[in-house]
1. Going through the cross-link list Lys295/Lys330; Lys235/Lys288; Lys33/Lys169; Lys106/Lys168; Lys164/Lys319, which pairs have a Cα-Cα distance over 22 Å in this structure?
2. Which FRET efficiency value, to the nearest 0.05, is calculated for Thr5 and Val179 with the Förster distance at 56 angstrom and r the Cβ-Cβ distance?
3. Lys and Arg at +1, Asp and Glu at -1: add these up for the other residues within a Cβ distance under 14 Å of Thr233 and post the number.
4. What do you get for GluC sites (Glu not before Pro) in segment 68-167 restricted to DSSP loop and a cutoff of at most 12 other Cβ within 10 Å of the site's Cβ?
5. For segment 79-232, how big is the tail of P(r) above 19 Å, as a whole percent of Cα pairs?
6. Which of Leu172, Ser93, Phe329 sits closest to the plus end of the dipole of the chain, meaning its Cα is farthest towards the positive end, when Lys and Arg get +1 and Asp and Glu get -1 on the C-beta?
7. Per residue and in Å³, how big is the convex hull formed by the alpha-carbon atoms of segment 29-360?
8. I'd like to know how segment 284-343 sits against the 2.2 N^0.38 Å rule of thumb: what's its Cα Rg over that expected value?
Amino acid sequence: MDSVTLYCTAALVAAGGIYWFVCVLGPAERKGKRALDLSGGSISAENVKDNYNQYWSFFRKPKEIETAEKVPDFVDTFYNLVTDIYEWGWGQSFHFSPSIPGKSDKDATRIHEEMAVDLIKVKPGQKILDAGCGVGGPMRAIAAHSKAHVTGITINDYQVKRAKLHNKKAGLDHLCDVVCGNFLQMPFDDNSFDGAYSIEATCHAPKLEEVYAEIYRVMKPGSLYVSYEWVTTDKYRDEDEEHREVIQGIERGDALPGMRRYSDIAAAARRVGFEVVQEKDLAKPPAKPWWNRLKMGRIAYWRNHVVVVVLSAVGIAPKGTVDVHEMLFKTADYLSRGGETGIFSPMHMILCRKPEKASSE
Ligand SMILES: C=C(CC[C@@H](C)[C@H]1CC[C@H]2C3=CC[C@H]4[C@H](C)[C@@H](O)CC[C@]4(C)[C@H]3CC[C@]12C)C(C)C
Ligand SMILES: C[S@@+](CC[C@H](N)C(=O)[O-])C[C@H]1O[C@@H](n2cnc3c(N)ncnc32)[C@H](O)[C@@H]1O
């Protein structure tokens, strides 16, 4: 073999190897978003790094994230930075679910989503609200399962575009609508929905009562609302340094203005007028660990990191993607520790009814 042939063969093998590593081996999960498409959402590529720094600056001024008006912007920035990475490495449903022996992550996710709509007892053709819908993974599963018409709202316009595209591709756009807006001031009429749900989204509201009050306003009297909330559990001890470190790590890596305690949830719901029908931490045994999937993905995260570093170095992924990926990498560890120690649950379920008649009437 002459040296030219040898050189060409080596180049072909190297190119094949890179293609296999990036495109075929794929991310932790496989769902239609490729590493080559990683972007900063609605942020232009050259501004990703600055926006990442800006995101962190919120935590240097904790008083600002307590100010309700600033939180939606901070959450919007966060989702511009993470939405593509989430879709690439996790899927179209941005939440956890208990693992189910013998079932895939995809099935366990769907079952957790269908449970939400079963709890609110909607009928085909009825109109329901998804408060904080992401790119619509839950919305599509819920519409397909219940045949109800779902309207989702998200603060992030890039997610609206992604959700609409996925709805169309799934042939579910006749049942699923998505609007860009703030769930603290929704562009919907009073008493207009036959039910509502939110999956791991209201944790971004600075005050739970504000988002609950707004959801209450748009629901019809007698209808049901279910939410899966992020909370610290009865095992959390504020005086334990490790507990504080884990919860703070989760807050920072997940754009939370402050984690609530499990006991705050029903109290907030009652204060806005809801009747609490049921409350249950879906993470508690016999449910199997929701954090298994995070731990099992660790090797894939390393591989993903190499992919992100390479794509960023050659200018395909925006500069700053590496920082965002590194943040998520660390967040995954805090979340697993929160799950393993039992001090944190991302699925504290609350089922509420808007009374037929408000108590003041
Ligand atoms: C409800 C929220 C989001 C919950 C989860 C969907 C996400 C929380 C942490 C995310 C991830 C962590 C590690 C990433 C990994 C390093 C990367 O290679 C691939 C994507 C991750 C697995 C990513 C996926 C989504 C999460 C699990 C919050 C924000 C309220
Ligand atoms: C973790 S994601 C969950 C998305 C979806 N429920 C799912 O499970 O796939 C949280 C969602 O809440 C939305 N969100 C957070 N704060 C919001 C606000 N103030 N108004 C509207 N949406 C908001 C985010 O944009 C994001 O879509």
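1. Lys164/Lys319
2. 0.40
3. Values: positive: Lys235, Arg237, Arg260, Arg261, Lys280, Lys284, Arg337; negative: Glu229, Asp234, Asp238, Asp240, Asp264, Glu279, Asp281, Glu340.
Once positives and negatives cancel, what remains is -1.
4. Qualifying residues, ordered by number: Glu69.
5. Roughly 50 percent, once rounded to a whole number.
6. Positive-most Cα among the choices belongs to Leu172.
7. Residue-normalised Cα hull volume stands at 130 Å³.
8. Values: Rg = 14.4 Å, N = 60, 2.2 N^0.38 = 10.4 Å.
Relative to the 2.2 N^0.38 Å estimate, segment 284-343 comes out at 1.38.
Here, each number is a calculation from the coordinates, and none is a lab measurement. The shown structure was predicted, so the numbers you read here are calculated from the model rather than taken from an experiment. With ideal geometry, Cβ positions are generated from the backbone for all residues, glycine too; neighbour counts draw on all protein chains shown.
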